[in-house]
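Notes for the one structure printed next.
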């Protein structure tokens, strides 16, 4: 059932058994898993089915630290969330990403890779992506491509898959036709009303800009608003002292993103041939888009005390979205910021996303994708995708500025650490030395050795993580291993805000896997 909050009477009250706040990847995945259950599910979305500049402007905020994408340009606020401009990058986190690494304070998940593995399998059907998964062997057999350093003790090849699925488009009809699910559009959360003890949420206060204010009563609430907005909503609740939580002063801290360094190194082939090309540039197999990336082996990363780094071999002649993004940021740095960057960039991302969707389906429909035919172009550079170390001082807080609903905006203070730069440089050195030993290529690093200096075109993929981190103990986390807020019995969080660390994998597959795991937990709790 579809509900439009703009048509409500002021003070109207909705009731549900499970209220999901936010219809992005996490919220939609959760709602789908709860279809056909006995519980009445209400899925709230701040926007509508289309991009709306007025709603998008609610994401505006402030940033300090290294140059960062304007906050209203880094996310999309309508049904489907940021999957509406999602590039489709998918990969599971590695086992080491879940472990507490003694050289990386704040690392370590309260669940293991093995515990999440069955949910990763189920999440692959949600996208959907190729059943070959992420082990390199099936792709080698399916394509006949050779692999760099098959028996190398120092470097490894990992597979990324790409399917720019629009969750809001793909799953809209399924959710609207579900007997036990109601989708309420134009419903923006304002705050919580709690029981006197502060340990349970009674109702949710909501509004639509320029329209009515209303409440939602539910047995269970799940906040699915993204890595910055989850923190902002809870920070507003903490300021109002309605709920009793965050005794460890963790909320909003440990903000992380994936660092992207374009042209981090020159890739100079020592011999021509497919070993330096086919597996490592975007290729198609039976309608599925994938590529291999190079990384340091887990045992080497442990010995060298490194964070996770993925190294992509790029072709000089192929324009990339990363280069376009860097160019936009350079313009911003020169002071040419649009009056409404969210409006402008949101439309750009939507256009680009649609074209990516069309192009990849047309090009990568068979084993012989167009990139496999570009024999004249040798890879010429490496761009790096880097795990950011958990950093307590990297945080989201509340700005003094307020949005059109009177709510305080988010302020992001993004902090990098010397270990980020050291891990990047050392990973490039290890991979470069091994490629030279194997006779594949030389690597010429294009970065300063100064651990405090980053290149001007440092970018991110706007993977907002860590601000409501998961830990069994309240003094170290905002939510427990079931994603329940410490101290609040019926409030859960979904999304990358609960990640204690980010690895070097795009987060959306893990977001969906955790959402499926949470759905199973909610069903058990309701039984």
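Only the coordinates and a few stated rules stand behind these numbers; no lab work does. These numbers come from a predicted model, not from an experiment. Cβ coordinates were reconstructed from backbone atoms using ideal geometry, including for glycine residues, and neighbour counts include every protein chain displayed.
Counted over the chain with a bin width of 10 Å, the fraction of Cα pairs per bin, in whole percents, is 4, 19, 30, 27, 14, 5, 1, 0.
In the chain, the DSSP beta bridges split such that about 65 percent are antiparallel, to the nearest 5.
Taking the Cβ of each residue in 501, 448 as the centre, tally the other Cβ atoms inside 10 Å and list the residues starting with the fewest.
448, 501
When each of the peptides 247-259, 205-217 is scored by how many other beta carbons lie within 10 Å of its residues on average, the order from highest to lowest is 247-259, 205-217.
Computed packing ranks the peptides 22-34, 173-185 as 22-34, 173-185, most packed first, by mean other Cβ atoms within 10 Å.
Sum -39500 (n - 2.57) across every DSSP H segment of at least 4 residues in the chain, then divide by the residue count to get the 222 nm mean residue ellipticity, nearest 500.
Per the formula, -8000 deg cm²/dmol.
With contacts taken as Cα pairs under 8 Å and at least 6 residues apart, segment 175-280 reaches a relative contact order of 18 percent. Helix 113-126 sits at what angle to the longest principal axis of the chain, using alpha carbons and giving 0 to 90 degrees rounded to 10? Orientation of helix 113-126: about 80 degrees from the principal axis. Take each peptide in 151-159, 260-268, count the other Cβ atoms within 10 Å of every residue, and average; sorted highest first, the result is 260-268, 151-159. Seen against the Cα atoms of the chain and their longest principal axis, helix 508-526 is set at about 40 degrees. Going by alpha carbons, how many degrees (0 to 90, nearest 10) lie between the helix axis of 321-333 and the longest principal axis of the chain? Long axis of 321-333 versus the principal axis of the chain: about 70 degrees. For segment 43-193, the convex hull spanned by the alpha carbon atoms encloses 227 Å³ per residue. Value of Rg to Rh for segment 1-120, rounded to two decimals, is 1.04; Kirkwood radius and Rg both from alpha-carbon coordinates. Using just the C-alpha positions of segment 189-251 as equal point scatterers, what log10 of I(q)/I(0) does the Debye formula give at each q in 0.19, 0.22 1/Å? Cα-only, vacuum Debye calculation for segment 189-251: -0.76, -1.00.
Cα centroids of segment 238-262 and segment 86-130: 21 Å apart.
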